[in-house]
Amino acid sequence: MSKSRWKAKARQASWALGVSVSVLVACPAFAADEVAITPSNRVFQTQGRGIVTLRFDVENRSGQTRDFIEQISLPAGWDLVSNLAPFPLAANARETRLIHVSVPRSATAGSFPVRYSVNARDNGSINGTETVNVSVDTVSSSELVMIATPPSLLGGNDYEATFQLRNTGNRAITYRLRVDDEDGYVKTVTPTTVTLQPGESSDIQVKGIIPPDITETTTHKFTLIAKGGGKVLEQDASIALISRTPKGLGKYHTLSGNLRLSYSGAGKSGGGQWQAEYQAQGALDKDGEHNVAVRLRNGQSSNTSHNDLQSEYQGRYWNDEWEVDAGHESFYAGRLSGNSVSGIGAEVTYHPKDKKGNKPLEARVFSGKSRPGIDTQEKATGAAVNYRFDELRTEIGASVLNHEKQGKPKQTITSANIGWTGSNLSVRAETAKDDDASAKAVDVTANWENIGANLNHVQGDTKFDGANADSKQTYGGITWRIDDDTSANLTANKTRDNLANDASREIRDSRSQEVKLTRKFGEERNIEISAGYRTRKEQDLRPTPTVNNTVKSAVLEYRHTVDELDWTAQWEQGKRDDKIKSSGAGSRQQLALNWRPDKQKSAGITWSRNNSLDSNTQSTAYGINGRYRINRKQDIDGYWQRSSSQDGTKSDSLSMSYRHELKNRHQLQLNTSHTRTNAATSTKDNYWRVEYVMPLDIPLRKRNDVGTLGGFAFYADTDEPAKDMVLNLDGQYAVTDAEGKYFYPDILAKDYQLQVDPSRTDGVSYMLGEEGGVRTVKVDPGKLNRLDLPLQPGASVNGYVRTYAVNKAAAAGKTGDVNTGLQVGDGLGGILLELQPLGDGAENRQAYKRLTDGDGSFSFLGIPPGQYQLVVVDTDKMPKHIRLEQTQFQLDLMAGEPQEIDIRAVPTEQTIQKVGPAGGLSVSG
């Protein structure tokens, strides 16, 4: 389970209604009374790949003007279109933040968490967080499969990989094809465009060249992408890139680590600071049962506007049931208890296995305090326990927290929660209590066929010392999937602050409702239009209020996906009725574009303008961002953002970074940023950083479980060295040199299966001595194990398992050629074949098994000569109305004489179904 402070968040059920975003009310991360984040909607509805816009209201309750930093945590492969630039916020002011997130074409079906947070630049303990869930539903009407790729490549080799694209829909589709290749080795894709009728298929050829300087065995990975019919298909390919000598495990057991040296400068003075950071992680024992991780970084203790300049000292130990964390951590008790402290301390977690091997119980204890130098010191000690009843689909939990804040009395907060998840309904409830107040929360999520609903309520008493204190919030939403292209969404929320009606501060009551209808258009369903109506009322309930306004507006949103470009535009027009300040018509516009032609580069543009709709001022913000991966080892990214408001406040932010991976795990990274704010008090912040990372492993002990294997490979009939032969030792590769020498240094001492890679012998089949193509090798520890390999010509069997369809011309008697009665169809992949020895000496020869490749091909190479029987084992894997013409073949194999076998799967005889009376029909007249 993750060790971030969010590991105890509520489990939420979601329903597959295209793509929807549901906001889970989460406690502010620290200092709940000083900053607040409120989502403007409970559910953000979108469908498929494209840009999702999240909107949050951020309120500064700290009592003074501060600069805030935004952060967002996205699922892997998702893009942030917005620029997370620092923004100023006056005391008691609130600002609406628009966050644009691009859902990639590769997003799989499921629910994905996204976390948004802000924190004050000058005080990390002043922050807030909200978590959302994104539920994705995808469908495909085409198939893209890999037919054949080289199993391995050497430096300087060129290669060709074959894929097959099939139209399994019911209309003609034009596909566009391209390759995402992080290595940059792919040179051509043929064809790049193809039109397929229903049921048709086409082979796709991908060709590339491997550079000659391959120094270590790695994997070349690329992805073929086919786009057509409104769908995007992806097929990954992996090819082993083989160095001539494998690296081995080394003679010492180590903790893998790296040392990061950096020099950075910040502020007007431009003064620099050296930093050193060391990280290491690994197993203490050879079985991997006991593991440790350390992170050590010198720096400032606190009160810095850049968190990466702070000192960090962390240590972690874990095994299968225990986990211990110590050092700089964030300590979390429960949802309503809140994140009590971000500082230094320790936490212990226990999650034992039951008899079934599951881990239903988790128990935690922790103790921590604030960093030195923080203005308001805090201390916290707590414990939490959760237990999951899988058969009852129920989870219960409880926590206790002792929280002490400088200048305030010590508080003890206890909480309990219970959750149940069914097939159509999930419910979670939690309650918390301190010395003189309490809080409670309820979450309900339900779905019935094409309708989903959610309800959330959280309330905390005025004197409650945990999260959501002095507030009451209720959210509700209903989503109705009318058909595959149309959906309707209704959301409402109500928030009330200052429940004690303290007249010295605002008694704010906020309510909002929104209804929206969404429809997809276009042949590829790549256009989406949403129309909606929104109302929001905010009121200070005191006799002399500071806020009393109502906003009513109509919203029109347009989303379009064109090739590699996603863009969304929104126009909101309405009226602001303000009882205290000026009223009038207002509008809001926003535009976001994201261009991602491949995995190597992407760019985004955002623009927004608020023209006196949510407030009586005007503001504009726009920016650009981009990322470019130059090659597998270099990339560059950055953004520029500008914002301005009617009162003359302007803010500019610029950030750039460059990363270069060097040889042997070394890395160089450059970062720079600039922020300037022109307000009542102008500020400017320049920051730059140069980092160099080098590997620095910690040796723990000398290994006693490794040995070295080496020797010479030669042709047995001529005694000539067998150069450039690729040997496969249970997936570890080595290449013979000009003298036939090979070497496996420091490999695990055990028994292996060694064979010559048959894909690199130009069709010639070799045996490793009398045993055949595979030889058992025993590697003893602590020494060089010498093994010479005499290569002898062997027998081989190659062929295909493929379907045959009826040739209609031959069946109609239009041709006299009997062989044209059937014509070759598709190959059958994944069919198990077994080559069984027969006759004299069968007891001294082994059986061989192979699975057919995607195109139905198979090969048995390096087989000792003799009589064999080839048997099709998977006879039950034939397609419907297809049978094998023959399932067993008698073979007499001879060295150096390959045999070809064509295993045919032919149509079965189908009887005509009779209808009518059993005795037939009587015809007279």
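The values are calculated or read from the model by the stated rules, or taken from the named source; none is laboratory data. Just so it is clear, the structure is predicted and the values come from calculations on it, not from any experiment. Don't worry about glycine lacking a Cβ; one is built from the backbone with ideal geometry, like all the others, and counts go over all protein chains shown. The protein model used for the area step is the full one, side chains on, heavy atoms only, and it has no ligands, DNA or RNA in it. Shrake-Rupley method; radii C 1.70, N 1.55, O 1.52, S 1.80 Å.
Assorted remarks:
- Meets criteria (touching a Lys or Arg at 6+ places or on another chain (Cβ under 8 Å), among the aromatic types (Phe, Trp, Tyr), assigned to a strand (DSSP E or B) and surrounded by 15 or more Cβ atoms within 10 Å (Cβ to Cβ)) for Tyr317: no
- Which listed residue is in contact (Cβ under 8 Å) with a residue 60 or more places away in the chain, surrounded by 18 or more Cβ atoms within 10 Å (Cβ to Cβ), of a type in the set (S, T, N, Q) and part of a loop (DSSP other than H, G, I, E, B), from Ser125, Ser117, Ser82: Ser82
- The stretch 517-534: number of residues that are surrounded by 14 or more Cβ atoms within 10 Å (Cβ to Cβ), under 14 Å from Asp483 (Cβ atoms) and among the hydrophobic types (A, V, I, L, M, F, W, C): 1
- Scanning the stretch 777-796 for residues that are in a strand (DSSP E or B) and within 18 Å of Pro864 (Cα to Cα) turns up Leu789, Pro790, Leu791, Gln792, Pro793, Ala795, Ser796.
- For the stretch 254-269, the candidate set comprises residues that are open to solvent by less than 40 Å² (accessible area, probe 1.4 Å) and at pLDDT below 85; within that set, the residue that is farthest from the chain's Cα centre (by Cα) is Gly267.
- Among the residues of the stretch 386-409, just one is among the β-branched types (Val, Ile, Thr), open to solvent by less than 60 Å² (accessible area, probe 1.4 Å) and touching a Phe, Trp or Tyr at 6+ places or on another chain (Cβ under 9 Å), namely Thr394.
- Matching residues, the stretch 728-779, being at positive phi, charged (D, E, K, R) and at pLDDT below 90: Asp730, Asp762
- Among residues of the stretch 547-565, those that are among the hydroxyl-bearing types (Ser, Thr, Tyr) and at pLDDT below 90, counted: 1
- Only residues that are under 30 Å from Glu234 (Cβ atoms), surrounded by fewer than 17 Cβ atoms within 10 Å (Cβ to Cβ) and of a type in the set (Phe, Trp, Tyr) were counted across the stretch 596-639, and they come to 1.
- Breaking point among (1) among the basic types (Lys, Arg); (2) modelled with pLDDT under 90; (3) within 16 Å of Asn798 (Cβ to Cβ), for Lys914: (3)
- Residue pairs whose Cβ atoms lie under 8 Å apart, separated by 6 or more positions or on different chains, with the first residue in the stretch 382-394 and in the same structural domain as Thr414 (by the TED database) and the second assigned to a strand (DSSP E or B) and open to solvent by 80 Å² or more (accessible area, probe 1.4 Å), are Leu392/Trp420; Arg393/Trp420; Thr394/Ile418; Thr394/Trp420.
- Strands (runs of 3 or more DSSP E) (entirely within the stretch 436-503) containing at least 2 residues that are outside the structural domain of Ser337 (by the TED database): 471-481, 486-497
- Candidates are the residues of the stretch 845-879 that are surrounded by 15 or more Cβ atoms within 10 Å (Cβ to Cβ) and of a type in the set (Ser, Thr, Tyr); the one that is farthest from Ala237 (Cα to Cα) is Tyr868.
- Sub-6 Å Cβ pairs linking a first residue in the stretch 503-524 that is more than 26 Å from Thr491 (Cα to Cα) to a second residue that is open to solvent by 30 Å² or more (accessible area, probe 1.4 Å), at least 6 apart or interchain, are Ala503/Arg542; Glu524/Gly230, ordered by first then second residue.
- Where a residue in the stretch 326-353 is assigned by the TED database to the domain that holds Pro372 and its partner, wherever it lies, is open to solvent by less than 10 Å² (accessible area, probe 1.4 Å) and of a type in the set (Val, Ile, Thr), with Cβ under 6 Å and at least six apart: Phe331/Val341; Ser337/Ile413
- Residues considered: Gly825, Gly799, Gly813. Of these, the only one that is in a strand (DSSP E or B) and modelled with pLDDT under 85 is Gly825.
- Inspection of the stretch 99-112 finds a residue satisfying the criterion of being among the charged types (D, E, K, R) and either at pLDDT below 85 or not in a strand (DSSP E or B) (or both).
- Residue ID - least open to solvent (accessible area, probe 1.4 Å), chosen from residues in the stretch 544-578 that are under 23 Å from Leu499 (Cβ atoms) and in contact (Cβ under 8 Å) with a residue 24 or more places away in the chain: Asn549
- Here Ser653 meets the list (1) open to solvent by less than 60 Å² (accessible area, probe 1.4 Å); (2) under 30 Å from Tyr766 (Cβ atoms) almost entirely, failing just condition (2).
- Enumeration of residues in the stretch 410-425 that are farther than 25 Å from Gly345 by Cα, surrounded by 15 or more Cβ atoms within 10 Å (Cβ to Cβ) and of a type in the set (Val, Ile, Thr): Thr421
- Test: residue in the stretch 356-363 that is assigned to a strand (DSSP E or B), open to solvent by less than 40 Å² (accessible area, probe 1.4 Å), out of contact with any Asp or Glu (no Cβ under 7 Å at 6 or more places or on another chain) and assigned by the TED database to the domain that holds Val400: yes
- Considering (1) over 27 Å from Ala85 (Cβ atoms); (2) open to solvent by less than 30 Å² (accessible area, probe 1.4 Å); (3) under 24 Å from the mean Cα position of the chain (by Cα); (4) not acidic (Asp, Glu), the lone condition that Gly584 does not fulfil carries the number (3).
- Taking the listed residues Lys251, Lys231, the one that is touching a residue at least 40 places away in the same chain (Cβ under 8 Å), within 24 Å of the chain's Cα centre (by Cα), open to solvent by 40 Å² or more (accessible area, probe 1.4 Å) and more than 30 Å from Tyr687 (Cα to Cα) is Lys231, with no other qualifying.
- Within the stretch 654-678, the set of residues being farther than 25 Å from Lys599 by Cα and in contact with a Pro (Cβ under 6 Å, 6 or more places away or on another chain) comprises Thr675, Thr677.
- Meets criteria (more than 30 Å from Val114 (Cβ to Cβ), in contact (Cβ under 8 Å) with a residue 12 or more places away in the chain and charged (D, E, K, R)) for Lys207: yes
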